[in-house]
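Report on the structure given below.
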Amino acid sequence: ELKEIVFIIQSQSNSFHSKRAEDLKRDILKQAADLGKELPTVLLIHEMDRHEGAWTILPLMRDFSVTYGRNSSWIFFCEEDTRIQVVKLLETLGRFDESKEWFLGKALYDEESTIIHHYAFAENPTVFKFPDFAAGWALSIPLVNKLAKNLKSEPLKSDFTIDLKHEIALYIWQKGEGPHLTPVPEFCTDDVNSYKVDHCATTFSNFLPLCGEPVKKEDVFVAVKTCRKFHGDRIPVVKQTWEREAALIEYYSDYADISIPTIDLGIPNTDRGHCGKTFAILERFLNRSSPRTSWLVIVDDDTLISIFRLRKLLSCYDPNEPVFLGERYGYGLGTGGYSYITGGGGMVFSRRAVQKLLASKCRCYSMDAPDDMVLGMCFSGLGIPITHSPLFHQARPMDYPKGYLSHQIPVSFHKHWNIDPVKVYFTWLAPNSEESLNGKKVEYNREDL
(Lines give C-alpha, C1' and ligand atoms only; values in the text may rest on other atoms or scores of the structure.)
Protein backbone atom coordinates (compact mmCIF):
# COMPACT_ATOMS: atom_id res chain seq x y z
CA GLU A 1 0.00 0.00 0.00
CA LEU A 2 1.15 3.52 -0.78
CA LYS A 3 0.41 4.64 2.79
CA GLU A 4 3.09 2.15 3.96
CA ILE A 5 5.85 4.11 2.17
CA VAL A 6 7.48 7.03 4.00
CA PHE A 7 9.08 9.45 1.52
CA ILE A 8 12.10 11.42 2.79
CA ILE A 9 13.22 14.32 0.57
CA GLN A 10 16.84 15.41 1.07
CA SER A 11 15.82 19.09 1.32
CA GLN A 12 17.61 22.27 2.42
CA SER A 13 16.38 25.39 4.17
CA ASN A 14 17.66 27.87 1.58
CA SER A 15 14.58 29.39 -0.12
CA PHE A 16 15.45 28.09 -3.62
CA HIS A 17 15.96 24.52 -2.39
CA SER A 18 13.04 24.40 0.05
CA LYS A 19 10.66 25.48 -2.73
CA ARG A 20 11.94 22.67 -4.99
CA ALA A 21 11.44 20.14 -2.22
CA GLU A 22 7.93 21.45 -1.50
CA ASP A 23 7.09 21.14 -5.21
CA LEU A 24 8.22 17.50 -5.18
CA LYS A 25 6.21 16.79 -2.02
CA ARG A 26 3.10 18.29 -3.64
CA ASP A 27 3.68 16.19 -6.77
CA ILE A 28 3.95 12.93 -4.77
CA LEU A 29 0.79 13.72 -2.80
CA LYS A 30 -1.10 14.72 -5.96
CA GLN A 31 -0.17 11.45 -7.68
CA ALA A 32 -1.38 9.57 -4.60
CA ALA A 33 -4.66 11.52 -4.52
CA ASP A 34 -5.20 10.96 -8.27
CA LEU A 35 -4.87 7.22 -7.63
CA GLY A 36 -7.53 7.45 -4.96
CA LYS A 37 -5.03 6.04 -2.46
CA GLU A 38 -4.58 6.91 1.18
CA LEU A 39 -1.83 9.53 1.25
CA PRO A 40 1.70 8.51 2.18
CA THR A 41 3.90 10.39 4.65
CA VAL A 42 6.29 12.83 2.90
CA LEU A 43 8.97 14.46 5.07
CA LEU A 44 11.55 17.15 4.33
CA ILE A 45 14.96 16.57 5.94
CA HIS A 46 15.60 20.27 6.64
CA GLU A 47 12.45 20.47 8.76
CA MET A 48 13.84 17.83 11.13
CA ASP A 49 16.07 20.48 12.65
CA ARG A 50 16.45 18.82 16.03
CA HIS A 51 19.51 17.31 14.38
CA GLU A 52 22.29 19.50 12.94
CA GLY A 53 23.30 16.32 11.11
CA ALA A 54 19.83 15.38 9.82
CA TRP A 55 21.18 15.43 6.25
CA THR A 56 23.49 12.52 7.15
CA ILE A 57 20.34 10.40 7.71
CA LEU A 58 21.79 7.81 10.11
CA PRO A 59 21.13 10.02 13.20
CA LEU A 60 17.42 9.89 12.23
CA MET A 61 17.14 6.08 12.14
CA ARG A 62 15.94 5.76 15.72
CA ASP A 63 13.21 8.35 15.11
CA PHE A 64 12.17 6.53 11.93
CA SER A 65 12.07 3.21 13.77
CA VAL A 66 10.00 4.53 16.69
CA THR A 67 7.57 6.54 14.53
CA TYR A 68 7.12 4.29 11.50
CA GLY A 69 8.43 0.89 12.62
CA ARG A 70 4.97 -0.65 13.13
CA ASN A 71 2.76 0.70 10.34
CA SER A 72 5.12 1.19 7.40
CA SER A 73 6.98 -1.12 5.02
CA TRP A 74 9.54 1.12 3.32
CA ILE A 75 11.40 4.36 3.76
CA PHE A 76 12.20 5.84 0.36
CA PHE A 77 14.84 8.59 0.17
CA CYS A 78 15.24 10.98 -2.75
CA GLU A 79 16.73 14.33 -3.72
CA GLU A 80 14.73 17.46 -4.52
CA ASP A 81 15.34 16.90 -8.27
CA THR A 82 14.37 13.22 -8.27
CA ARG A 83 11.13 12.69 -10.18
CA ILE A 84 8.95 9.79 -9.03
CA GLN A 85 6.33 7.78 -10.92
CA VAL A 86 4.36 6.66 -7.88
CA VAL A 87 2.56 3.75 -9.62
CA LYS A 88 5.85 2.36 -10.98
CA LEU A 89 7.52 2.79 -7.59
CA LEU A 90 4.73 0.78 -5.93
CA GLU A 91 5.12 -1.97 -8.53
CA THR A 92 8.90 -1.99 -8.09
CA LEU A 93 8.87 -2.18 -4.29
CA GLY A 94 6.11 -4.80 -4.53
CA ARG A 95 8.64 -7.25 -6.02
CA PHE A 96 10.53 -7.38 -2.70
CA ASP A 97 9.39 -9.14 0.48
CA GLU A 98 9.09 -6.24 2.93
CA SER A 99 9.48 -8.55 5.93
CA LYS A 100 13.16 -8.98 4.97
CA GLU A 101 16.10 -6.56 5.25
CA TRP A 102 16.48 -4.73 1.94
CA PHE A 103 18.77 -1.92 0.84
CA LEU A 104 17.72 -0.92 -2.70
CA GLY A 105 19.15 1.65 -5.13
CA LYS A 106 20.91 2.43 -8.37
CA ALA A 107 24.41 1.03 -7.88
CA LEU A 108 27.58 3.08 -8.22
CA TYR A 109 31.09 1.76 -7.67
CA ASP A 110 34.64 3.10 -7.73
CA GLU A 111 36.80 2.03 -10.64
CA GLU A 112 39.93 2.69 -8.61
CA SER A 113 40.47 3.31 -4.91
CA THR A 114 40.12 6.97 -4.09
CA ILE A 115 40.98 9.43 -1.34
CA ILE A 116 37.37 10.55 -0.87
CA HIS A 117 36.53 7.00 0.20
CA HIS A 118 39.71 6.61 2.27
CA TYR A 119 41.04 4.12 -0.30
CA ALA A 120 38.40 1.57 0.71
CA PHE A 121 38.56 -1.84 -0.96
CA ALA A 122 41.97 -0.97 -2.40
CA GLU A 123 42.45 -4.49 -3.83
CA ASN A 124 39.30 -4.21 -5.96
CA PRO A 125 37.10 -1.16 -5.39
CA THR A 126 34.50 -2.37 -7.93
CA VAL A 127 33.26 -5.02 -5.48
CA PHE A 128 31.54 -2.49 -3.20
CA LYS A 129 28.33 -0.89 -4.48
CA PHE A 130 26.71 2.25 -3.07
CA PRO A 131 23.54 4.10 -4.14
CA ASP A 132 23.22 7.09 -6.43
CA PHE A 133 20.98 9.27 -4.27
CA ALA A 134 19.71 11.12 -7.36
CA ALA A 135 17.83 7.97 -8.44
CA GLY A 136 16.29 7.47 -5.00
CA TRP A 137 17.01 4.58 -2.65
CA ALA A 138 14.98 2.53 -0.20
CA LEU A 139 15.31 0.70 3.11
CA SER A 140 12.79 -1.89 4.29
CA ILE A 141 11.46 -1.28 7.80
CA PRO A 142 13.12 -4.42 9.26
CA LEU A 143 16.47 -2.98 8.15
CA VAL A 144 15.60 0.47 9.58
CA ASN A 145 14.75 -1.19 12.91
CA LYS A 146 18.03 -3.12 12.90
CA LEU A 147 20.06 0.02 12.11
CA ALA A 148 18.29 1.92 14.90
CA LYS A 149 19.14 -0.86 17.34
CA ASN A 150 22.80 -0.91 16.21
CA LEU A 151 23.07 2.86 16.54
CA LYS A 152 21.64 2.74 20.04
CA SER A 153 24.23 0.24 21.25
CA GLU A 154 27.14 1.59 19.23
CA PRO A 155 27.00 5.29 18.24
CA LEU A 156 28.60 6.49 15.02
CA LYS A 157 32.38 6.59 15.28
CA SER A 158 33.50 8.54 12.24
CA ASP A 159 34.45 12.17 12.81
CA PHE A 160 34.02 13.23 9.19
CA THR A 161 31.16 12.88 6.71
CA ILE A 162 32.72 13.27 3.27
CA ASP A 163 30.68 11.19 0.83
CA LEU A 164 27.40 10.30 2.47
CA LYS A 165 26.19 7.70 -0.04
CA HIS A 166 29.38 5.66 0.34
CA GLU A 167 29.47 6.01 4.13
CA ILE A 168 25.83 4.95 4.58
CA ALA A 169 26.40 1.89 2.38
CA LEU A 170 29.49 1.01 4.44
CA TYR A 171 27.53 1.35 7.69
CA ILE A 172 24.67 -0.84 6.42
CA TRP A 173 27.13 -3.43 5.09
CA GLN A 174 28.57 -3.86 8.62
CA LYS A 175 31.88 -5.37 7.43
CA GLY A 176 30.04 -7.92 5.32
CA GLU A 177 27.50 -8.97 7.94
CA GLY A 178 24.73 -6.61 6.84
CA PRO A 179 22.94 -6.45 3.49
CA HIS A 180 24.71 -5.34 0.32
CA LEU A 181 23.02 -2.82 -1.93
CA THR A 182 20.58 -4.57 -4.28
CA PRO A 183 20.64 -2.80 -7.69
CA VAL A 184 17.18 -1.87 -8.96
CA PRO A 185 17.01 -1.07 -12.72
CA GLU A 186 13.81 0.96 -12.25
CA PHE A 187 15.72 3.52 -10.15
CA CYS A 188 17.11 5.74 -12.92
CA THR A 189 19.01 8.97 -13.42
CA ASP A 190 18.05 9.44 -17.06
CA ASP A 191 16.40 12.73 -17.83
CA VAL A 192 12.61 12.66 -17.54
CA ASN A 193 12.36 13.46 -21.30
CA SER A 194 14.69 10.66 -22.39
CA TYR A 195 13.37 7.82 -24.57
CA LYS A 196 15.03 5.40 -22.10
CA VAL A 197 12.73 6.10 -19.15
CA ASP A 198 9.65 4.01 -19.97
CA HIS A 199 10.61 1.35 -17.41
CA CYS A 200 11.77 3.86 -14.75
CA ALA A 201 10.10 4.44 -11.39
CA THR A 202 12.41 7.42 -10.85
CA THR A 203 14.16 9.88 -13.15
CA PHE A 204 16.35 12.89 -12.46
CA SER A 205 16.30 16.50 -13.66
CA ASN A 206 19.88 16.43 -14.81
CA PHE A 207 20.72 19.97 -15.67
CA LEU A 208 22.44 23.02 -14.30
CA PRO A 209 19.72 25.12 -12.62
CA LEU A 210 19.02 28.45 -14.30
CA CYS A 211 16.45 30.80 -12.78
CA GLY A 212 16.31 33.71 -15.22
CA GLU A 213 19.38 35.51 -16.55
CA PRO A 214 22.80 34.37 -15.25
CA VAL A 215 24.19 36.84 -12.72
CA LYS A 216 26.44 39.44 -14.32
CA LYS A 217 30.20 38.90 -14.47
CA GLU A 218 30.67 42.06 -12.41
CA ASP A 219 28.52 40.59 -9.62
CA VAL A 220 31.05 37.83 -8.89
CA PHE A 221 34.38 38.58 -7.23
CA VAL A 222 36.90 35.73 -7.39
CA ALA A 223 39.68 35.38 -4.80
CA VAL A 224 42.44 32.86 -5.55
CA LYS A 225 44.53 31.71 -2.57
CA THR A 226 48.12 30.99 -3.53
CA CYS A 227 51.65 31.23 -2.16
CA ARG A 228 55.07 31.95 -3.62
CA LYS A 229 56.07 28.31 -4.16
CA PHE A 230 53.07 27.74 -6.47
CA HIS A 231 53.30 30.94 -8.54
CA GLY A 232 55.28 29.16 -11.24
CA ASP A 233 53.20 26.01 -11.77
CA ARG A 234 49.61 26.50 -10.55
CA ILE A 235 48.91 30.11 -11.52
CA PRO A 236 49.74 29.55 -15.22
CA VAL A 237 47.06 26.82 -15.26
CA VAL A 238 44.45 29.29 -13.94
CA LYS A 239 45.51 31.80 -16.60
CA GLN A 240 45.29 29.21 -19.40
CA THR A 241 41.86 28.00 -18.33
CA TRP A 242 39.19 29.80 -16.36
CA GLU A 243 40.70 33.24 -15.52
CA ARG A 244 39.19 34.72 -18.70
CA GLU A 245 35.68 33.89 -17.43
CA ALA A 246 36.10 36.17 -14.39
CA ALA A 247 35.63 39.95 -14.65
CA LEU A 248 36.85 40.56 -11.08
CA ILE A 249 39.72 38.35 -9.90
CA GLU A 250 42.60 38.82 -7.47
CA TYR A 251 45.40 36.47 -6.41
CA TYR A 252 46.32 36.53 -2.71
CA SER A 253 49.75 35.31 -1.68
CA ASP A 254 52.52 35.69 0.88
CA TYR A 255 54.58 37.53 -1.76
CA ALA A 256 53.70 40.39 -4.11
CA ASP A 257 54.62 39.32 -7.63
CA ILE A 258 53.74 42.03 -10.17
CA SER A 259 53.98 39.65 -13.13
CA ILE A 260 50.80 37.81 -12.02
CA PRO A 261 49.96 40.14 -10.15
CA THR A 262 49.59 38.80 -6.59
CA ILE A 263 48.63 40.77 -3.50
CA ASP A 264 50.55 40.16 -0.30
CA LEU A 265 48.01 40.18 2.52
CA GLY A 266 50.79 40.36 5.11
CA ILE A 267 49.90 36.89 6.37
CA PRO A 268 52.71 34.31 6.28
CA ASN A 269 52.01 31.10 4.37
CA THR A 270 51.10 28.14 6.57
CA ASP A 271 51.55 24.48 5.71
CA ARG A 272 48.25 23.39 7.23
CA GLY A 273 45.03 25.45 7.26
CA HIS A 274 44.75 28.96 5.85
CA CYS A 275 42.26 30.49 8.26
CA GLY A 276 44.15 33.75 8.73
CA LYS A 277 44.46 34.29 4.98
CA THR A 278 40.79 33.49 4.31
CA PHE A 279 39.48 35.89 6.96
CA ALA A 280 41.79 38.61 5.57
CA ILE A 281 40.21 37.99 2.12
CA LEU A 282 36.71 38.26 3.62
CA GLU A 283 37.60 41.58 5.32
CA ARG A 284 39.11 42.91 2.10
CA PHE A 285 36.04 41.93 0.06
CA LEU A 286 33.71 43.71 2.46
CA ASN A 287 35.84 46.85 2.77
CA ARG A 288 37.42 47.23 -0.66
CA SER A 289 35.06 45.79 -3.29
CA SER A 290 32.03 47.56 -4.73
CA PRO A 291 28.92 47.15 -2.56
CA ARG A 292 27.14 46.22 -5.80
CA THR A 293 29.24 43.04 -6.06
CA SER A 294 26.89 40.48 -4.54
CA TRP A 295 29.00 37.33 -4.57
CA LEU A 296 32.48 36.28 -3.40
CA VAL A 297 34.11 33.02 -4.54
CA ILE A 298 37.23 31.80 -2.73
CA VAL A 299 39.20 29.07 -4.50
CA ASP A 300 42.58 27.39 -4.13
CA ASP A 301 45.21 27.87 -6.83
CA ASP A 302 44.66 24.22 -7.88
CA THR A 303 40.86 24.54 -8.15
CA LEU A 304 39.44 24.21 -11.67
CA ILE A 305 36.14 26.09 -11.87
CA SER A 306 33.61 27.24 -14.45
CA ILE A 307 32.67 30.82 -13.56
CA PHE A 308 30.37 30.73 -16.60
CA ARG A 309 28.30 27.90 -15.05
CA LEU A 310 28.54 29.36 -11.56
CA ARG A 311 26.87 32.55 -12.81
CA LYS A 312 23.95 30.44 -14.07
CA LEU A 313 23.72 28.57 -10.77
CA LEU A 314 23.80 31.79 -8.74
CA SER A 315 20.75 33.09 -10.64
CA CYS A 316 18.75 30.73 -8.38
CA TYR A 317 19.92 32.26 -5.10
CA ASP A 318 18.87 35.49 -3.42
CA PRO A 319 22.00 37.56 -2.61
CA ASN A 320 20.01 39.34 0.11
CA GLU A 321 19.98 36.06 2.04
CA PRO A 322 23.13 34.92 3.88
CA VAL A 323 24.18 32.21 1.40
CA PHE A 324 27.26 30.02 1.95
CA LEU A 325 27.39 27.58 -0.96
CA GLY A 326 29.59 24.69 -2.12
CA GLU A 327 30.20 21.00 -1.43
CA ARG A 328 29.01 20.05 2.05
CA TYR A 329 31.06 17.94 4.45
CA GLY A 330 30.29 17.24 8.11
CA TYR A 331 32.37 17.05 11.27
CA GLY A 332 31.27 15.17 14.41
CA LEU A 333 27.63 15.14 13.33
CA GLY A 334 26.84 11.97 15.29
CA THR A 335 27.45 13.92 18.48
CA GLY A 336 26.43 17.50 17.69
CA GLY A 337 29.17 18.89 15.44
CA TYR A 338 28.64 21.07 12.40
CA SER A 339 28.54 21.05 8.60
CA TYR A 340 30.98 23.00 6.46
CA ILE A 341 31.77 23.81 2.82
CA THR A 342 34.95 22.04 1.80
CA GLY A 343 37.41 24.61 0.48
CA GLY A 344 39.03 22.88 -2.49
CA GLY A 345 35.86 22.76 -4.56
CA GLY A 346 35.33 26.49 -4.05
CA MET A 347 33.42 28.42 -1.37
CA VAL A 348 30.74 30.90 -2.48
CA PHE A 349 29.47 33.64 -0.16
CA SER A 350 26.73 36.20 -0.64
CA ARG A 351 27.83 39.66 0.56
CA ARG A 352 25.11 39.35 3.23
CA ALA A 353 26.74 36.16 4.57
CA VAL A 354 30.14 37.89 4.77
CA GLN A 355 28.58 40.86 6.58
CA LYS A 356 26.90 38.63 9.16
CA LEU A 357 30.03 36.56 9.69
CA LEU A 358 32.35 39.51 10.21
CA ALA A 359 29.82 41.33 12.43
CA SER A 360 30.01 38.33 14.75
CA LYS A 361 33.02 37.75 16.96
CA CYS A 362 33.72 34.34 15.41
CA ARG A 363 37.30 34.18 14.17
CA CYS A 364 40.21 31.75 13.67
CA TYR A 365 41.40 30.00 16.82
CA SER A 366 44.84 29.96 15.14
CA MET A 367 46.22 31.37 11.88
CA ASP A 368 46.77 27.88 10.47
CA ALA A 369 43.38 26.45 11.52
CA PRO A 370 41.45 24.82 8.63
CA ASP A 371 39.58 27.78 7.18
CA ASP A 372 36.66 25.78 5.77
CA MET A 373 35.97 24.07 9.10
CA VAL A 374 36.22 27.31 11.11
CA LEU A 375 33.77 28.95 8.69
CA GLY A 376 31.38 26.01 9.14
CA MET A 377 31.64 26.34 12.91
CA CYS A 378 31.02 30.10 12.73
CA PHE A 379 27.98 29.87 10.44
CA SER A 380 26.56 27.03 12.55
CA GLY A 381 26.91 29.22 15.65
CA LEU A 382 25.13 32.05 13.83
CA GLY A 383 22.26 29.72 12.88
CA ILE A 384 23.04 30.17 9.16
CA PRO A 385 22.82 26.77 7.43
CA ILE A 386 25.27 26.05 4.68
CA THR A 387 23.86 25.31 1.22
CA HIS A 388 25.06 22.18 -0.55
CA SER A 389 25.49 21.78 -4.30
CA PRO A 390 26.75 18.45 -5.71
CA LEU A 391 28.17 20.35 -8.70
CA PHE A 392 31.24 21.44 -6.68
CA HIS A 393 33.92 18.76 -6.24
CA GLN A 394 36.76 18.53 -3.75
CA ALA A 395 38.61 15.96 -5.89
CA ARG A 396 39.44 15.14 -9.52
CA PRO A 397 36.98 13.71 -12.08
CA MET A 398 38.51 10.23 -11.86
CA ASP A 399 37.86 10.17 -8.11
CA TYR A 400 34.10 9.89 -8.76
CA PRO A 401 32.14 7.07 -10.41
CA LYS A 402 31.40 7.77 -14.08
CA GLY A 403 27.73 6.99 -13.47
CA TYR A 404 27.57 9.72 -10.84
CA LEU A 405 29.16 12.42 -13.02
CA SER A 406 27.09 11.43 -16.07
CA HIS A 407 24.00 13.29 -14.81
CA GLN A 408 25.86 16.43 -13.75
CA ILE A 409 27.04 19.61 -15.38
CA PRO A 410 29.87 20.21 -12.90
CA VAL A 411 30.97 23.63 -11.64
CA SER A 412 34.36 22.68 -10.17
CA PHE A 413 37.04 20.05 -9.57
CA HIS A 414 40.16 20.24 -7.41
CA LYS A 415 43.78 19.02 -7.38
CA HIS A 416 46.39 18.66 -10.11
CA TRP A 417 47.72 15.26 -8.95
CA ASN A 418 48.64 12.95 -11.83
CA ILE A 419 46.44 14.73 -14.34
CA ASP A 420 46.79 17.33 -17.06
CA PRO A 421 44.67 20.07 -15.39
CA VAL A 422 44.32 22.08 -18.61
CA LYS A 423 42.93 19.03 -20.38
CA VAL A 424 40.57 18.32 -17.47
CA TYR A 425 39.28 21.89 -17.63
CA PHE A 426 38.63 21.81 -21.37
CA THR A 427 37.00 18.37 -21.19
CA TRP A 428 34.76 18.94 -18.18
CA LEU A 429 34.33 22.64 -17.46
CA ALA A 430 34.99 24.92 -20.44
CA PRO A 431 31.95 26.71 -21.83
CA ASN A 432 31.39 25.78 -25.45
CA SER A 433 29.32 27.52 -28.07
CA GLU A 434 26.29 25.24 -27.83
CA GLU A 435 26.14 25.54 -24.05
CA SER A 436 26.53 29.31 -24.36
CA LEU A 437 23.75 29.54 -26.94
CA ASN A 438 20.90 27.70 -25.32
CA GLY A 439 21.86 26.53 -21.85
CA LYS A 440 20.95 22.92 -22.67
CA LYS A 441 22.93 19.95 -21.46
CA VAL A 442 25.78 19.17 -23.82
CA GLU A 443 27.21 15.69 -24.34
CA TYR A 444 30.93 16.14 -23.83
CA ASN A 445 33.59 13.94 -25.26
CA ARG A 446 34.89 13.08 -21.82
CA GLU A 447 37.99 11.00 -22.24
CA ASP A 448 39.15 8.76 -19.43
CA LEU A 449 40.94 11.38 -17.44
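The values are calculated or read from the model by the stated rules, or taken from the named source; none is laboratory data. This structure is a prediction, so every number in the text was calculated from the model and none was measured. Cβ atoms come from the backbone with ideal geometry, glycine included; neighbour counts cover every protein chain shown. Remember, those area values only see protein heavy atoms, side chains included, never the ligands or the DNA or RNA. Shrake-Rupley method; radii C 1.70, N 1.55, O 1.52, S 1.80 Å.
In summary, ALA247 fulfils each of the numbered conditions (1) under 24 Å from the mean Cα position of the chain (by Cα); (2) surrounded by fewer than 16 Cβ atoms within 10 Å (Cβ to Cβ) with the single exception of condition (1). Here GLN31 passes the criteria (1) surrounded by fewer than 17 Cβ atoms within 10 Å (Cβ to Cβ); (2) in a helix (DSSP H, G or I) except the one numbered (1). The criterion of being at pLDDT 95 or above, in the same structural domain as HIS274 (by the TED database) and open to solvent by 40 Å² or more (accessible area, probe 1.4 Å) holds for PHE230.
I'd like the full set of residues that are of a type in the set (Gly, Ala, Ser) and over 24 Å from ILE28 (Cα atoms), limited to the range 108-137. It would help to see each step written out before you state the result.
First, the residues of the range 108-137 that are of a type in the set (Gly, Ala, Ser): 113, 120, 122, 134-136.
Listed by number, the residues that qualify are SER113, ALA120, ALA122.
Hey, does the range 263-270 have a residue that's within 27 Å of the chain's Cα centre (by Cα) and open to solvent by 60 Å² or more (accessible area, probe 1.4 Å)? No. Among the conditions (1) without any contact (Cβ under 8 Å) to a residue 60 or more places away in the chain; (2) open to solvent by less than 10 Å² (accessible area, probe 1.4 Å), the only one that SER306 does not satisfy is (1).
Any residue at all in the range 181-188 that's assigned by the TED database to the domain that holds THR126, open to solvent by less than 50 Å² (accessible area, probe 1.4 Å) and under 24 Å from GLU327 (Cα atoms)? Break it down stepwise before answering.
Filtering the range 181-188 down to residues assigned by the TED database to the domain that holds THR126 leaves 181-188.
In the following step, the residues that additionally are open to solvent by less than 50 Å² (accessible area, probe 1.4 Å) were identified as 181-182, 184, 186-188.
Restricting the remaining residues to those that are under 24 Å from GLU327 (Cα atoms) gives 188.
Yes: the range 181-188 contains one or more residues that are assigned by the TED database to the domain that holds THR126, open to solvent by less than 50 Å² (accessible area, probe 1.4 Å) and under 24 Å from GLU327 (Cα atoms).
Taking the criterion of being acidic (Asp, Glu) and modelled with pLDDT under 95, the residues of the range 125-166 that qualify are GLU154, ASP159.
Exactly one residue out of LYS129, LYS175 is touching a strand residue (DSSP E or B) at 6+ places or on another chain (Cβ under 6 Å), open to solvent by 20 Å² or more (accessible area, probe 1.4 Å) and not polar (S, T, N, Q), and it is LYS129.
Yes/no matrix, rows are residues, columns are (1) out of contact with any strand residue (DSSP E or B) (no Cβ under 6 Å at 6 or more places or on another chain); (2) among the aliphatic types (A, V, I, L, M):
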{"site": "GLY344", "(1), (2)": "no, no"}
{"site": "LEU358", "(1), (2)": "yes, yes"}
{"site": "CYS362", "(1), (2)": "yes, no"}
{"site": "VAL374", "(1), (2)": "yes, yes"}
{"site": "MET377", "(1), (2)": "no, yes"}
{"site": "LEU382", "(1), (2)": "yes, yes"}
{"site": "THR387", "(1), (2)": "no, no"}
{"site": "PRO390", "(1), (2)": "yes, no"}
{"site": "TYR400", "(1), (2)": "yes, no"}
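If only residues of the range 375-399 that are under 20 Å from ASP301 (Cβ atoms) and aliphatic (A, V, I, L, M) are counted, the one that is surrounded by the most Cβ atoms within 10 Å (Cβ to Cβ) is LEU375.
Can LEU139 be described as open to solvent by less than 10 Å² (accessible area, probe 1.4 Å) and in contact with a Leu (Cβ under 9 Å, 6 or more places away or on another chain)? So LEU139 passes the test. Restricted to strands (runs of 3 or more DSSP E) entirely inside the range 196-256, those with at least 2 residues that are without any contact (Cβ under 8 Å) to a residue 40 or more places away in the chain are 248-253.
Return yes when LEU449 is modelled with pLDDT under 95 and surrounded by fewer than 20 Cβ atoms within 10 Å (Cβ to Cβ) and no when it is not. Here the answer is yes, as LEU449 does meet what is asked.
Listed by position, the strands (runs of 3 or more DSSP E) enclosed by the range 51-152 include none that has at least 2 residues that are assigned by the TED database to the domain that holds HIS407. Contact annotation: residue pairs with Cβ atoms under 8 Å, 6 or more positions apart or on different chains, pairing a residue in the range 165-188 that is polar (S, T, N, Q) with a partner that is not in a loop (DSSP other than H, G, I, E, B), are GLN174/ASN150; THR182/PHE103; THR182/LEU104; THR182/GLY105.
Checking GLY69 against (1) under 20 Å from ILE168 (Cα atoms); (2) touching a residue at least 40 places away in the same chain (Cβ under 8 Å); (3) in contact with an Asp or Glu (Cβ under 9 Å, 6 or more places away or on another chain), which test does it fail? Every condition holds for GLY69 apart from (3).
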